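Notes follow the structure.
The values are calculated or read from the model by the stated rules, or taken from the named source; none is laboratory data. Being a predicted model, the structure only gives us computed values, none of them experimental. Cβ coordinates were reconstructed from backbone atoms using ideal geometry, including for glycine residues, and neighbour counts include every protein chain displayed.
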Amino acid sequence: MSVSLRTRRALTALFAALLGALTLASVASPAAAAPATIQGDRMIMNYTDIWGAHEVGWYDYKLSLDFVNNRPSVYGSILAIQPYNGWNAVGYGSQTLVQCTNGLWSGSYYFSRCYVKAKMEKPGNVVGSISGSYKGVTFSGGYDSGSGRSYMFFTGEVTVRRDSWGSPYTVCYVYGNARCVNYMV
């Protein structure tokens, strides 16, 4: 029993298509994978003076982790800010944001650095002129007599490293518990 020429051509085309699909799947770049998203460690916004520590609020954010050209590529965004004691978050997008710089070179590996930033305001002169650090979160503040409002700036630092495909992202929080966490995503 012989197979017709038309059937042979159809089977050959089908086999070639399957082989091509398998080849593409095996050599496809992992760069096509979607970025992973993690929630960063909550940043506590407090300031200290001669009377002790004062609560201003907390800040939750997320980081999108990607690996492009054998380097980590990180972008961040705000999830929620919870102010306390009459403070309010202001300056979204310009002074209240997660700002990441990618492609930094340490001398032996590439990494990304993100600054988690918030500007907080409150009516009245409650802080004077102040600066310092509370559990790794830097703060500075003052009073604007024109608006009659006190303001505070808070900044927390996060670094992200990934050396190669298949290795974890190492996310290091410079504030809070000052810890590094490996994410295998």
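Residue 107 falls short of the stated requirement of being under 27 Å from residue 53 (Cα atoms), assigned to a loop (DSSP other than H, G, I, E, B) and either without any contact (Cβ under 8 Å) to a residue 24 or more places away in the chain or hydrophobic (A, V, I, L, M, F, W, C) (or both). Of all residues in segment 162-178, those satisfying the criterion of being over 15 Å from residue 44 (Cα atoms), in contact (Cβ under 8 Å) with a residue 12 or more places away in the chain and either surrounded by 11 or more Cβ atoms within 10 Å (Cβ to Cβ) or of a type in the set (Lys, Arg) (or both) are 162, 163, 165, 168, 169, 170, 171, 172.
Within the option set 143, 134, 151, 169, being closer than 24 Å to residue 104 by Cβ and not β-branched (Val, Ile, Thr) holds for one residue only, 169.
Could you look through segment 26-66, keep only residues that are of a type in the set (A, V, I, L, M, F, W, C) and at pLDDT 95 or above, and pick out the one that is farthest from residue 139 (Cα to Cα)? Lay out the reasoning, then the answer.
First, the residues of segment 26-66 that are of a type in the set (A, V, I, L, M, F, W, C): 27-28, 31-34, 36, 38, 43-45, 50-51, 53, 56, 58, 63, 65.
Add one more test, that the residue is at pLDDT 95 or above, and what stays is 38, 43-45, 56, 58, 63, 65.
Values: 38: 25, 43: 12, 44: 11, 45: 8, 56: 11, 58: 13, 63: 22, 65: 27 Å.
Going through the qualifying residues, I end up with 65.
The set of residues in segment 149-166 being modelled with pLDDT of 95 or more and part of a loop (DSSP other than H, G, I, E, B) consists of 162 alone.
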